[in-house]
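Step one of this worksheet: look at the structure below.
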């Protein structure tokens, strides 16, 4: 199984880990790194590096937001860890995470594809359906 690392702004990772545990139960080879208000990018980099070092040779990093510090730092570390296969995907939501954690894919590419598809599929808008109007009664004349 691949390692799964989630990260994001504030306590995003901790919250996602808590929510996913309720849905899929505890998982191995799964870590979260928060980017707290008290952290700087060097602190974040250190925490992500430690997590990546402990997760094995294949790691899927799921991030809250493309272009933010957690995303940019994960991409920088991906390039530094040339001995590992690391992929970084942004836009993390609970359907994406649940699918990855329950997935039994063969390759990293399949995990990435599934994550991106399930992340998009999980976005829905509630629309109230209009109540059907009763048919006009005929007066029988």
Members of the range 18-32 found to be surrounded by 19 or more Cβ atoms within 10 Å (Cβ to Cβ) and not in a strand (DSSP E or B), listed by number:
20
In this structure, does residue 10 turn out to be surrounded by fewer than 15 Cβ atoms within 10 Å (Cβ to Cβ) and modelled with pLDDT under 95?
no
Could you please tell me which pairs satisfy a Cβ distance under 6 Å, a separation of 6+ or placement on different chains, a first residue in the range 113-124 that is at negative phi, and a second residue that is at pLDDT below 95?
114/103
Give 97, 101, 65 a once-over and let me know the one that is surrounded by fewer than 16 Cβ atoms within 10 Å (Cβ to Cβ) and closer than 24 Å to residue 122 by Cα.
65
Within the range 48-58, the residues that are over 18 Å from the mean Cα position of the chain (by Cα) and either at pLDDT 95 or above or exposed (fewer than 13 other Cβ atoms within 10 Å of the Cβ) (or both) are 49, 50, 53, 54, 57
What pairs can you find where one residue is in the range 38-56 and within 16 Å of residue 4 (Cβ to Cβ), the other is assigned to a helix (DSSP H, G or I), and their Cβ atoms are less than 7 Å apart, with a gap of 6+ or different chains?
48/73; 48/74; 48/77; 52/77
Would a scan of the range 112-130 turn up a residue that is at pLDDT 95 or above and closer than 14 Å to residue 5 by Cβ?
yes
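The values are calculated or read from the model by the stated rules, or taken from the named source; none is laboratory data. Not measured: the values here are computed from a predicted model. Positions of Cβ are generated from backbone atoms using ideal geometry, with glycine treated the same way; all protein chains shown enter the neighbour counts.
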